[in-house]
Amino acid sequence: MPFPHSRMRRLRLHPAVREMVAETRLSPADFMLPLFVVPGKGVTESVASMPGVSRMSADRVALEAREAFSEGIKGVLLFGAPSKKDERGSEASSADGCVQRAVAEIKEKVPDIAVFTDVCLCAYTSHGHCGVLAANRKDVDNDATLKILAQAASSHAKAGADFVAPSDMMDGRVDAIRQKLDEDGFENTGIMAYSAKYASAFYGPFRDAAHSTPEFGDRRGYQMNPANAREALAEIAQDIEEGADIVMVKPALAYLDVIRAARDVFDAPLAAYNVSGEFAMLKAAAERGWLDGDRAMMETLLSIRRAGADIVITYFAKDAARILNR
């Protein structure tokens, strides 16, 4: 019916009715909290470009995971920032590596939280790329990298990780990791694949946090071209075929159309990463009084869920959960 018989505002006037007819809802259980792990004990180092975010030793990470779980957050995603680096990223597979130690600490102190671990070599290689270098040292050797990634993933599973999350964007890595996990008796360890990971400018603060800036060149030869959306669907389809249990689009805000397209095509659980640059932008604007930080945060997270993401990986997880728990 046309106006005035139909008044769309009737469903907006009363706060309770607005809530009742909301099409998309947020819950702390929708969030996954990324955490940066460094060697040592009792270590907390603030990340200058990410207000409120720190690099922490395994014992402090476990406490952070406990606090997150108490707010209703069901999962954490661990990134290593090791002190030892070499050409092949050997420390990524060390049984005594910072991520492996953090997994064990969390599982001891917060056994009910789901622990996901990032699997990549960028923070572990002396050159900062996501795999071993080819002979010409100008490109990453895709196939030589697969075995190293699979070994790292298996070491995380042995430490107790529930899911491993390959973020390197090497072709075939999901299949290589799945085979290695199964061979080593970790058939119940899941894979959350960074399936559509774009070569984005929004990763800057993360590279500050993880000390993973490439020594030369960039990652456009393996991360996706921001111009492409159909290619993302092909990447996701391939990862599902290779054995991914959860797929991901990264970043989130500049790629909401890709999240929506993936949701429309695939039934697999879909994660989206609200990345460091997206986080830092809102934090900086809020600190300057240019916008309401809490409202912008919640609107951002709601938009990612509305686009179709089942899981939102976000540095805002604890702050958003506290607001939802009020």
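The values are calculated or read from the model by the stated rules, or taken from the named source; none is laboratory data. All of these numbers come straight from a predicted model, not from anything done at the bench. Cβ placement follows ideal geometry from the backbone for every residue including glycine, while neighbour counts extend to all protein chains displayed.
The figures follow:
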read-out: Search result, residues across the stretch 60-84 that are among the charged types (D, E, K, R) and either closer than 25 Å to residue 272 by Cβ or touching an Asp or Glu at 6+ places or on another chain (Cβ under 8 Å) (or both); value: 64, 67, 71, 74, 84
read-out: The one condition in (1) acidic (Asp, Glu); (2) under 24 Å from residue 50 (Cα atoms); (3) within 18 Å of the chain's Cα centre (by Cα) that residue 239 fails to fulfil; value: (2)
read-out: Residue match in the stretch 303-314 (condition: touching a helix residue (DSSP H, G or I) at 6+ places or on another chain (Cβ under 6 Å), under 15 Å from residue 77 (Cβ atoms) and surrounded by 15 or more Cβ atoms within 10 Å (Cβ to Cβ)); value: yes
read-out: Residue under evaluation residue 261, criteria (1) over 25 Å from residue 76 (Cβ atoms); (2) without any contact (Cβ under 8 Å) to a residue 24 or more places away in the chain; (3) crowded, with 17+ Cβ neighbours inside 10 Å, criterion not met; value: (2)
read-out: Residue count, the stretch 121-176 (criterion: more than 22 Å from residue 189 (Cβ to Cβ) and among the polar types (S, T, N, Q)); value: 4
read-out: Cross-chain or 6+ apart pairs with Cβ under 7 Å, the stretch 235-246 first and farther than 11 Å from residue 196 by Cβ, then part of a helix (DSSP H, G or I); value: 242/174; 242/175; 242/178; 243/174; 243/175; 243/178; 244/174
read-out: Residue within the stretch 231-250 that is at pLDDT below 95 and on the phi > 0 side of the Ramachandran plot present; value: no
read-out: Any chance residue 153 is under 22 Å from residue 57 (Cα atoms) and not charged (D, E, K, R); value: yes
read-out: Residue in the stretch 99-142 that is nearest to the chain's Cα centre (by Cα), counting only those that are under 30 Å from residue 74 (Cα atoms) and among the polar types (S, T, N, Q); value: 117
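Let's see how each residue does on (1) modelled with pLDDT of 95 or more; (2) of a type outside the set (Lys, Arg); (3) touching a Ser or Thr at 6+ places or on another chain (Cβ under 8 Å):
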{"position": "90", "(1), (2), (3)": "no, yes, no"}
{"position": "99", "(1), (2), (3)": "yes, yes, yes"}
{"position": "109", "(1), (2), (3)": "yes, no, no"}
{"position": "117", "(1), (2), (3)": "yes, yes, no"}
{"position": "152", "(1), (2), (3)": "yes, yes, yes"}
